[in-house]
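S.K.: Could you have a look at this structure, given as structure tokens, before my questions?
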Amino acid sequence: MPSRKFADGEVVMGRWPGSVLYYEVQVTSYDDVAHLYTVKYKDGTELALKESELRSQSSFKPRKSQSSSSSPSRRSSSRSRSRSRSPGRPAKGRRRSASQSREHKDDKKKTIQETSLALLVLVVFKPSENNTKRYNGEPESTEKNDTSCIILEQKVKPDMEIKRVLEQYSLRPRKDDKKKEEIYSERKTFVAVKSIEKAPSKTKELEFGGRIGTFMMIFLLPATVFYLLLMCKQDDPSLLNFPPLPPLESLWDGRVFGVFLLWFFLQAIFYLLPIGKVVEGLPLSNGRKLQYRINGFYAFILTAAAIGILLYFQFELHYLYDHFMQFAVSAAVFSLALSIYLYVRSLKAPEEELAPGGNSGYFIYDFFTGHELNPRIGSFDLKYFCELRPGLMGWVVINLAMLLAEMKIHNLSMPSLSMILVNSFQLLYVVDALWNEEAVLTTMDITHDGFGFMLAFGDLVWVPFVYSLQAFYLVGHPTTITWPVAAAITVLNCIGYYIFRSANSQKNNFRRNPADPKLANLKFIPTATGKGLLVTGWWGFVRHPNYLGDIIMALAWSLPCGFNHILPYFYVIYFICLLVHREARDEHHCKQKYGLAWERYCQRVPYRIFPYIY
Ligand code: NDP
């Protein structure tokens, strides 16, 4: 057993989790079993850190002089000063023609800000890596480092001062784009350095109830799907009226499985078509960016055309309704086989390609959450493909099949108003997701979660077969609603959609181009990573406004089914639980990423999803 390196009470430099920042900490205890040090930061935060996340203070080398041009913050800000203007910024000449004294004052203020921001950052990286040149262009300073690390700034600001600095940067009208660009050029630098320095480590904090929780979920999720579908088929789908189990052999049909495979591979062909633009995803832990083709909307149009042709040639789409359970079984079997394949191939994947959230070393946990972050066959990205294509479009096709089945079974010349609402609302949701396909690249599913059973089953089984529950329910349980009620539900759906779309767009646009003049009225808190946190607009209303909009829509999808049974409300109940849990996960990640700035954001925006409630 290796002995501990740092003693209780010793003051050392501790890394802030999930970042490249080192702060002064005091060792309070050591866990011999887990080999973790409990340390206390100056602001009182106590965390358990590994030995590799601690460094002695002497191993940090003081920076020679503040006035030197070598500070990365200075470099980046000077670069940004000479960079071409963003459309929202005044022309350079115009700025220059302003009074010299003001410019001087601004510069001075900026220097204070730069310095203070830089003081927050203690960047550590290995001298042997040529990448250091990429960082600050000063290889000589890195080569001198014989302790494997360099300190670019030595002093850590007291918390009050950090807060003051953040205050200065933040909450400033965004028309002052100069500051914003500086912050974002800082961000690029830090992201680059982070990429150089950071390699994914083992997942220590297990989610979803850990090994036992994930083991149970592998059985619980399919069981829930089959329970819901069996319930929906019953004349009286009351919760206590437990459905009889169908004979096992009735659940499998080779032809149905063939149709499922055909659907899956047809979508794969559409995905491979060289139409639509190719964009880059967010930087991976090794600094690399993967390329993604954005052609989901085209694939949707092609799918609609294919379905149109089938209907034209009298193909009975309600075949889907008649064999609904068998389709669900086929999809589940396929997703299980896919998950096994994904896990097996992940065993050969290099460490740096493993998912930050699915690399615990426990088979069941990693199998469930997904071990490999972006499994690809050539340029075919399996996770990205499954996220939006076969399942999401399958959901729309199932809804359409339910609509046709309703007309056929009840001998209707046109679908019921309830069915039209459910189909239209959900169609809008799917089309929106495909139209904004690029936005999926910044979601947790793509950036954090690996591709394993959770997402494979979720994308291919849960989404198409559970999200279509309202339409399925309406086939067997016709519900009449009046026009005024339909109008009220439509308004509710529109409100939800408006909040959902504008919140998502606001954040996506801000992440992609923080200097976008359209966002000039928004304020934000800068963070040590360089990314800002919006504190006005939708993201100043609650901390997850997009979830709020999504939940309002979920309610609007259930209301057309009336109030006879709770079954069609399963979606909205489950969805609230899912998003509350997801919100907690995201908060946890953001706290690790942004530290104090996140806490400050939480103070400014106290409610998570529901204003004045939660
Ligand atoms: P979000 O789009 O909510 O993104 C969360 C991230 O946004 C954070 O990790 C952080 O990332 C960034 N962020 C947080 N606060 C701020 C802020 N104040 N200013 C700027 N950036 C901020 O993540 P999801 O992937 O969970 O959701 C995407 C959409 O998908 C949502 O609309 C959700 O409702 C929907 N969804 C739908 C599901 C369904 O089954 N129908 C399931 C799950 C989600 P960073 O700082 O790193 O950029």
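The values are calculated or read from the model by the stated rules, or taken from the named source; none is laboratory data. What you are looking at is a predicted structure, and each value in this text was computed from that prediction instead of being measured. FYI the Cβ positions are ideal-geometry reconstructions off the backbone, even for glycines, and counts take in every protein chain you see. Heavy atoms of the whole protein, side chains included, go into the accessibility calculation; ligands, DNA and RNA do not. Shrake-Rupley method; radii C 1.70, N 1.55, O 1.52, S 1.80 Å.
S.K.: Could you list all residues from the range 292-328 that are closer than 30 Å to TYR227 by Cβ and either open to solvent by 20 Å² or more (accessible area, probe 1.4 Å) or among the polar types (S, T, N, Q) (or both)? Reasoning before the result, please.
M.R.: At the first step, the residues of the range 292-328 found to be closer than 30 Å to TYR227 by Cβ are 303, 307, 316-328.
Listed by number, the residues that qualify are THR303, ILE307, GLU316, HIS318, TYR319, LEU320, TYR321, ASP322, HIS323, MET325, GLN326.
S.K.: Continuing with the same structure: Test each condition in (1) open to solvent by less than 80 Å² (accessible area, probe 1.4 Å); (2) in contact with a Gly (Cβ under 7 Å, 6 or more places away or on another chain) for SER285 and report the one that comes out false.
M.R.: (2)
S.K.: Something else: Show the residue pairs meeting these rules: Cβ distance below 7 Å; 6+ apart or different chains; first residue within the range 251-263 and more than 18 Å from ILE307 (Cβ to Cβ); second residue not hydrophobic (A, V, I, L, M, F, W, C) and not in a loop (DSSP other than H, G, I, E, B).
M.R.: Note: pairs meeting the criteria are LEU251/GLN326; TRP252/GLN326; ASP253/GLN326; PHE257/SER330.
Per-residue answers, yes or no, for (1) within 28 Å of ASN399 (Cα to Cα); (2) surrounded by fewer than 17 Cβ atoms within 10 Å (Cβ to Cβ):
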position: LEU555; (1), (2): yes, no
position: ILE566; (1), (2): yes, yes
position: TYR569; (1), (2): yes, no
position: ILE573; (1), (2): yes, yes
position: CYS577; (1), (2): yes, yes
position: ALA584; (1), (2): no, yes
position: LYS591; (1), (2): no, no
position: GLN603; (1), (2): no, yes
position: ARG608; (1), (2): no, no
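S.K.: For the list (1) open to solvent by 40 Å² or more (accessible area, probe 1.4 Å); (2) of a type outside the set (Gly, Ala, Ser); (3) modelled with pLDDT of 90 or more, I need the number of the one condition that CYS232 fails.
M.R.: (1)
S.K.: Something else: Cβ contacts < 8 Å: first residue in contact (Cβ under 8 Å) with a residue 12 or more places away in the chain, restricted to the range 589-614; second residue surrounded by fewer than 15 Cβ atoms within 10 Å (Cβ to Cβ) and among the β-branched types (Val, Ile, Thr), any location; separation 6+ or different chain. Result?
M.R.: Qualifying pairs under 8 Å: TYR607/ILE613.
S.K.: Say whether the condition of being surrounded by 14 or more Cβ atoms within 10 Å (Cβ to Cβ) and charged (D, E, K, R) is met by at least one residue in the range 329-348.
M.R.: Yes, because at least one residue in the range 329-348 is surrounded by 14 or more Cβ atoms within 10 Å (Cβ to Cβ) and charged (D, E, K, R).
S.K.: Would you mention how many residues in the range 1-58 are modelled with pLDDT of 80 or more and assigned to a loop (DSSP other than H, G, I, E, B)?
M.R.: Result for the range 1-58: 8.
S.K.: While we're on this one: Name the one entry in PRO247, PRO274 that is surrounded by fewer than 12 Cβ atoms within 10 Å (Cβ to Cβ), without any contact (Cβ under 8 Å) to a residue 40 or more places away in the chain and farther than 20 Å from PHE327 by Cβ.
M.R.: Criteria check complete, one pass: PRO274.
S.K.: While we're on this one: For the subset of the range 445-474 comprising residues that are away from the ligand (no atom under 13 Å from the Cβ) and farther than 25 Å from TYR569 by Cα, which member is surrounded by the most Cβ atoms within 10 Å (Cβ to Cβ)?
M.R.: This residue is PHE451.
S.K.: Take the conditions open to solvent by 10 Å² or more (accessible area, probe 1.4 Å), assigned to a helix (DSSP H, G or I) and out of contact with any Phe, Trp or Tyr (no Cβ under 8 Å at 6 or more places or on another chain) and apply them to LEU400. Does it pass? Full working, then the answer.
M.R.: Values: open to solvent by 10 Å² or more (accessible area, probe 1.4 Å): yes; assigned to a helix (DSSP H, G or I): yes; out of contact with any Phe, Trp or Tyr (no Cβ under 8 Å at 6 or more places or on another chain): yes.
Yes.
S.K.: In addition: For the range 369-397, give me each residue that is among the β-branched types (Val, Ile, Thr), part of a helix (DSSP H, G or I) and over 19 Å from the mean Cα position of the chain (by Cα).
M.R.: Initial filter on the range 369-397 (among the β-branched types (Val, Ile, Thr)): 369, 377, 396-397.
Within this subset, residues satisfying the condition of being part of a helix (DSSP H, G or I) are 369, 396-397.
VAL396, VAL397, listed by residue number.
S.K.: Let me ask you something else. Considering only residues that are open to solvent by 20 Å² or more (accessible area, probe 1.4 Å) and under 19 Å from the mean Cα position of the chain (by Cα), which ones fall in the range 353-368?
M.R.: Scanning the range 353-368 gives GLU353, PRO356.
S.K.: Let me ask something else about it. Exactly one of these conditions fails for ILE525: (1) of a type in the set (A, V, I, L, M, F, W, C); (2) touching a residue at least 40 places away in the same chain (Cβ under 8 Å); (3) away from the ligand (no atom under 12 Å from the Cβ). Give me its number.
M.R.: The number of the failed condition is (3).
S.K.: Out of curiosity, is LYS155 at pLDDT 65 or above, basic (Lys, Arg) and assigned to a loop (DSSP other than H, G, I, E, B)? It would help to see each step written out before you state the result.
M.R.: Details: at pLDDT 65 or above: no; basic (Lys, Arg): yes; assigned to a loop (DSSP other than H, G, I, E, B): yes.
Criteria not met by LYS155.
S.K.: Which residues, counting only those in the range 235-244, are open to solvent by 30 Å² or more (accessible area, probe 1.4 Å) and either within 23 Å of ILE398 (Cα to Cα) or touching a residue at least 60 places away in the same chain (Cβ under 8 Å) (or both)?
M.R.: So the first thing to find is which residues in the range 235-244 are open to solvent by 30 Å² or more (accessible area, probe 1.4 Å), and the list is 235-236, 238-242, 244.
Selection gives ASP235, ASP236, SER238, LEU239.
S.K.: Would you pick out the residues in the range 215-229 that are open to solvent by 70 Å² or more (accessible area, probe 1.4 Å) and hydroxyl-bearing (Ser, Thr, Tyr)? Even if it seems obvious, please write down each step before you answer.
M.R.: Quick first cut of the range 215-229, residues open to solvent by 70 Å² or more (accessible area, probe 1.4 Å) only: 215-216, 219-220.
None - no residue of the range 215-229 is open to solvent by 70 Å² or more (accessible area, probe 1.4 Å) and hydroxyl-bearing (Ser, Thr, Tyr), so the list stays empty.
S.K.: Taking LEU559 as the residue in question, decide whether it is assigned by the TED database to the domain that holds GLU280, farther than 30 Å from HIS589 by Cβ, touching a residue at least 40 places away in the same chain (Cβ under 8 Å) and among the aliphatic types (A, V, I, L, M).
M.R.: So LEU559 fails the test.
S.K.: Conditions first: (1) open to solvent by 30 Å² or more (accessible area, probe 1.4 Å); (2) among the β-branched types (Val, Ile, Thr); (3) more than 13 Å from the ligand (Cβ to nearest atom). THR442 passes all but one, so which condition is the exception?
M.R.: THR442 satisfies all of (1) open to solvent by 30 Å² or more (accessible area, probe 1.4 Å); (2) among the β-branched types (Val, Ile, Thr); (3) more than 13 Å from the ligand (Cβ to nearest atom) except (3).
S.K.: On to the next question. Counting just the residues of the range 403-432 that are surrounded by fewer than 19 Cβ atoms within 10 Å (Cβ to Cβ) and within 16 Å of the ligand (Cβ to nearest atom), which one comes out farthest from ILE307 (Cα to Cα)?
M.R.: Looking at the filtered set, the residue picked out is ASP432.
S.K.: Continuing with the same structure: All but one of (1) more than 9 Å from the ligand (Cβ to nearest atom); (2) buried (at least 16 other Cβ atoms within 10 Å of the Cβ); (3) charged (D, E, K, R) hold for LYS507, so report the exception by its number.
M.R.: Exception for LYS507: condition (1).
S.K.: Any idea which residue in the range 510-521 is most open to solvent (accessible area, probe 1.4 Å), counting only those that are more than 9 Å from the ligand (Cβ to nearest atom) and closer than 30 Å to ALA556 by Cβ? Before you say what the answer is, go through the steps one by one.
M.R.: Residues of the range 510-521 that are more than 9 Å from the ligand (Cβ to nearest atom), as a first pass: 512-521.
Of the ones still in play, those that are also closer than 30 Å to ALA556 by Cβ are 512, 518-519, 521.
Details: ARG512: 124, LYS518: 167, LEU519: 13, ASN521: 118 Å².
Residue satisfying both the conditions and the ranking: LYS518.
S.K.: Could you say which residue among LEU290, LEU400 is modelled with pLDDT of 95 or more and of a type in the set (A, V, I, L, M)?
M.R.: On the way: LEU290 fails: modelled with pLDDT of 95 or more.
Sole residue among the options that is modelled with pLDDT of 95 or more and of a type in the set (A, V, I, L, M): LEU400.
S.K.: What do you reckon, is ALA268 at pLDDT 95 or above, surrounded by 12 or more Cβ atoms within 10 Å (Cβ to Cβ) and of a type in the set (Gly, Ala, Ser)?
M.R.: yes
Every residue, every condition in (1) near the ligand (Cβ under 8 Å from one of its atoms); (2) modelled with pLDDT under 90; (3) in contact with an Asp or Glu (Cβ under 7 Å, 6 or more places away or on another chain), yes or no:
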residue: LYS531; (1), (2), (3): yes, yes, no
residue: ASN564; (1), (2), (3): no, yes, no
residue: HIS589; (1), (2), (3): yes, yes, no
residue: TYR594; (1), (2), (3): yes, yes, no
residue: VAL605; (1), (2), (3): yes, no, no
